[in-house]
Amino acid sequence: MQNVARRKLRTALLAAAVAVSCAVVFAGGVLLRSIADSMSVGFSRLGADLLVVPAEALINITAGLLTVEPTAQTVPADLFAVPVAGIRRAAPQRVFRTDQSGLGDSTDLIGFDSERDFTVQPWIVERLGRQMRPGDVIIGAARDEPVGGEIVLFGRPFRVFAKLGRSGVGTHERAIFMTANDLLALSPAVRERSGSVPLMMQPQRVSGFLLQLAPGTTEVQARFALLSRFSDIKLVAGEALMTGVRQSLEALLAGSLLLVALAFISTTIMVAVLFSAIIAERRAELGILKAVGARRRQMIGLMVIEAALVTGGGGILGILFGELLLRLFARSVVYHLSEIGVGFVWLDATNTLLIGAVCVILAALTGAVGALVPAWRASRSDAYELILGSN
């Protein structure tokens, strides 16, 4: 601590340099994670890249593939039990159109897998303050039932858990969404009223799959992989432009993370160069320490701990500065985005604090690693060489 305080200007400049780098890494890391979450929500609202349905099904093509159209034909539920190259996610849906549900009109009941879904839940604009449970339903934007209210379907009560926003896709706006298990549980009541159970309400069948392509996979590649593996299916493509934009931005995000990592590497090199000069300046001091009995590990530890104190302190200042940058960003860019209706999902406080702690630890390690090599080289010299070499 005495050595750190002895050269105040040099210590302050080194800490400031580390603080700037740490602020950039911290603010950049939080923003990139927040942007990734926001992109995930935003691109989910664009719908699927491909829709897999039975070959004989008639489909109304819309700009966004958000749901499977009601049809009597089905495909096997285990179609994607074995992963297909180029397919990132495959979300099954069961769509049952009926006028015997008890609501008095034709109703689309859609069973979806909440764990694999990426086109229904991102559209939620109003919901209960809890997680979705068995017996809950999500209603489309065109329906009038209130959130928290009750709907009776085939004699069974359901709680309205959430309501979706306007999407412009008819089935998506008029439908009632529930978990696949809840839809399958209605089979006895459906059989009792209509005399039979449609295929999509049987466990081994689904109406279709909504697919999201992996980054770098083109629609042509996905079509070839799917049609060469499966028969009796039809593929419906979404907006090719939106698919390309999503994949390009995901690749850009990965590249940005690499740039953040390079920022720490450059800081480590800068600290190593600076401490080489500092240790060269203090050769006489180190020589005297060695002459009075200091061991090599003590000399190395002295320089490494000193560097870690300076850069760790700079890291703490950098987190404070990075937090200021994030607040400025929130009051400018994010505020403007909210004004034009573009949502932005901030990273939660726990993960933000975790990123801050990691940045401070890395800053301290950066100083320690940067000082290690020059300190190790100086410790190998004899005491008289260090003293004479400083003159």
Problem - Label-point separation, residue 128 to residue 231 (7 Å along Cα→Cβ), nm - result: 4.7 nm
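Local charge sum around residue 301 (other residues, Cβ-Cβ under 14 Å, Lys/Arg +1, Asp/Glu -1)? Could the numbers behind the result be given before it?
Numbers: positive: 290, 295, 296, 297; negative: 306.
Local net charge: +3.
Report the full-extension gain for the segment residue 184 to residue 100: residue separation times 0.36 nm, less the Cα-Cα distance, to one decimal in nm.
Numbers: separation 84, 0.36 × 84 = 30.24 nm, distance 1.59 nm.
Here the answer is 28.6 nm.
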Handout entry: In nm, spacing of pseudo-spin labels at residue 218 and residue 10 (7 Å Cα→C-beta vector)
Key = 5.9 nm
Problem - Within straight-line cross-link reach of residue 234, aspartates and glutamates at Cα separation under 19 Å, skipping those fewer than 8 residues along the same chain - result: 49, 56, 69, 78, 219
Problem - Extreme residue, positive dipole direction of the chain, given options 131, 372, 318 (C-beta unit charges) - result: 372
Exercise for the section: Quote the FRET efficiency, to the nearest 0.05, computed for residue 2 versus residue 327 with a Förster distance R0 of 35 Å and r equal to the Cβ-Cβ distance. Expected result: 0.45
Problem - segment 232-237 - phi-based ³J(HN,Hα) in whole Hz, Karplus 6.51/-1.76/1.60, Gly and Pro as x - result: 6, 10, 10, 10, 10, 9
Exercise for the section: Only one of the values (i) 136; (ii) 183; (iii) 147 was calculated from this structure for volume of the Cα convex hull per residue in Å³; name its label. Expected result: (ii)
Fill in the blank from the handout: Rounded to the nearest 5, the percent of DSSP beta bridges in segment 124-198 running antiparallel is 70 percent
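Can you classify segment 47-238 as rounded, prolate or oblate using the Cα gyration tensor, where a ≥ b ≥ c are the square roots of its eigenvalues, rounded means a/c under 1.5, and otherwise it's prolate if a/b beats b/c and oblate if not?
Working: a/c = 1.95, a/b = 1.45, b/c = 1.35.
Judged from the Cα gyration tensor, segment 47-238 comes out prolate (a/c at least 1.5, a/b above b/c).
Going highest first, how would you order 223-232, 146-155 by mean Cβ packing within 10 Å?
On the way: 223-232: 12.8, 146-155: 14.4.
Per-residue Cβ counts within 10 Å, averaged per peptide and sorted highest first, yield 146-155, 223-232.
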Exercise for the section: Could you tell me which helices of the chain pass both thresholds, a Cα extent of 20 Å or more along their own axis and a mean Kyte-Doolittle hydropathy of at least 0.0, with helices taken as whole DSSP H runs? Expected result: 8-44, 240-281, 296-329, 349-379
Practice task
Compare the peptides 299-308, 80-89 by average per-residue count of other Cβ atoms within 10 angstrom and give them in order, highest first.
Solution key: 299-308, 80-89
Handout entry: For the chain, calculated [θ]222 nm from helices alone, where every DSSP H run of n ≥ 4 adds -39500 (n - 2.57)
Key = -17000 deg cm²/dmol
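Express the relative contact order of the chain as a whole percentage, based on alpha carbon pairs under 8 Å and six or more residues apart in sequence.
Values: 666 pairs, mean separation 106.9, N = 391.
Once divided by the residue count of the chain, the mean separation gives 27 percent.
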Exercise for the section: Sticking with the crude label model, points 7 Å out along Cα→Cβ, report the distance from residue 277 to residue 349 in nm, one decimal please. Expected result: 4.3 nm
Exercise for the section: Per residue of segment 164-177, in order, report the coupling 6.51 cos²θ - 1.76 cosθ + 1.60 (Karplus, θ = phi - 60°) as ³J(HN,Hα) in whole Hz, putting x for Gly and Pro. Expected result: 8, x, 5, 10, x, 9, x, 4, 5, 7, 9, 7, 10, 9
Practice task
List every residue whose amide H lies under 5 Å from the amide H of residue 175, counting only residues 5 or more places away in sequence or on a different chain, with H placed 1.01 Å from N in the peptide plane.
Solution key: 140
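We did not get these values from a lab; they are worked out from the coordinates using the rules stated. Given the structure is predicted, the values throughout are model-derived calculations rather than measurements. Note that each Cβ is placed from the backbone with ideal geometry, even for glycine, and that neighbours are counted across all protein chains shown.
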